[in-house]
Amino acid sequence: MNYKEQTKTEMTFPDTDLAKSLFGVHNDHLHRVEETSGAAIHARGNTVIIEGDTVAAELAREILNQLYSLLKEGFPVYPKDVDYAANVLCRDCNVNLKDIFLDTVYVTSGKRTITPKSPVQKQYIDAIRHHDIVFGIGPAGTGKTYLAMAMAVAALAKKQVHRIILTRPAVEAGEALGFLPGDLAEKVNPYLRPLYDALHDMMTFEKTAGLIEKDVIEVAPLAFMRGRTLNDSFIILDEAQNSTSEQMKMFLTRIGFNSKAVITGDITQSDLPGNRASGLVQARDLLYGIAGIEFVFFSKQDVVRHKLVQKIIDAYEKHEKRTASE
């Protein structure tokens, strides 16, 4: 029998209001910490009693301690923040959550603060701050595009750039787009909708529409970047795994003075027809290690969507490995 040493410990949180926020409605936050750590947690007033094997109890203690420290700094802790914190500390209990969660990227029109939620997201934000070209590569749900968008909107608000340019390859329409009904905007809208959604999450619809009308924010297919020089701009190329080698080279050579470019994509999810090589894969192979260009690689552990998304990714990865071995 594999016996694990059991332990029982108490933690008292002096501030009653902060303790309530830490525990959550009906102790929901504590239940979330229990689920991740494997320890049992019981609340009595401002005190919690933690029971379980030594490793599980220490993990639960560290999660609660660091979340309480965030609350003392004025950081509001919501259920999803408890999940993010627990996942981070479960992987590395030496991480200081303050270094991650208190790094404000942007405050939305709804007064919601956008911050990184994992060490890799923090690395990504710092890379964008300090490099002119950054590649964010990894699975869906890791915040690659959303954080890049927040950085772009923040740079525009601080007048660090004059324009934001958001672009995506329109793969399914072969970049021609001619056979789709409607005018140009209606033709490309299905491909660019996720970028509009992210914008509207950060700014009011009216402000976004006004900036687009003034051409301060441009949302366009990748093919429309050809022949341009993009100065004083924050440029985001999303779904870059669907760009061809020629398109990627074209895009990277459009970048002008006082501009930043962030290229995001998932190299496992290319929709390019036939056996065409992904421009993102080639860029990774050719440009990795060049000074001034930074690559940040996300994994399924960095997924910040619904917690089921990570389980879905796991299930598909296992299926693909089984299929490949048959």
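The values are calculated or read from the model by the stated rules, or taken from the named source; none is laboratory data. Everything quoted here is computed from the prediction, not taken from an experiment. Cβ: placed from backbone, ideal geometry, glycine included. Neighbour counts: every protein chain shown. Protein only, heavy atoms only, side chains kept; ligands, DNA and RNA dropped before computing areas. Shrake-Rupley method; radii C 1.70, N 1.55, O 1.52, S 1.80 Å.
Quick look at the numbers
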{"read-out": "Degrees between helix 144-157 axis and first principal axis of the chain (Cα, 0 to 90, nearest 10)", "value": "70"}
{"read-out": "Across K144/K311; K122/K207; K98/K214; K144/K318, pairs whose alpha-carbon gap is larger than 30 Å", "value": "K98/K214"}
{"read-out": "In Å², nearest 10: area of I267 left accessible to a 1.4 Å probe", "value": "60"}
{"read-out": "Rounded percent of accessible protein surface that carbon and sulfur make up, region 76-120, 1.4 Å probe", "value": "51"}
{"read-out": "Hydrodynamic radius of region 83-126 per Kirkwood, over alpha carbon pairs, in Å", "value": "10.9"}
{"read-out": "Heavy-atom accessible area ranking, 1.4 Å probe, most first, across D271, D53", "value": "D271, D53"}
{"read-out": "Relative contact order (%) - region 4-74, alpha-carbon pairs under 8 angstrom, separation at least six", "value": "41"}
{"read-out": "Per residue accessible area in Å² of the chain, where ligands, DNA and RNA are left out and the probe is 1.4 Å", "value": "52"}
{"read-out": "Accessible surface of region 226-287, 1.4 Å probe, proportion on carbon and sulfur as whole %", "value": "48"}
{"read-out": "Within the chain, longest stretch free of exposed chymotrypsin sites (Phe, Trp or Tyr not before Pro) [DSSP loop, at most 13 other beta carbons within 10 Å]", "value": "4-178"}
{"read-out": "Region 1-158 - Kirkwood radius from inverse mean 1/r over Cα pairs (Å)", "value": "17.0"}
{"read-out": "Expected 222 nm ellipticity per residue - DSSP helices of 4 or more, -39500 (n - 2.57), all of the chain, to 500", "value": "-14000 deg cm²/dmol"}
{"read-out": "In degrees, nearest ten, helix 119-130 long axis to first principal axis of the chain (Cα)", "value": "40"}
{"read-out": "Rounded tilt (10° steps) of 307-325 against the dominant C-alpha axis of the chain", "value": "70"}
{"read-out": "Region 56-100: GluC sites (Glu not before Pro) in DSSP coil with no more than 16 other Cβ atoms inside 10 Å", "value": "E73"}
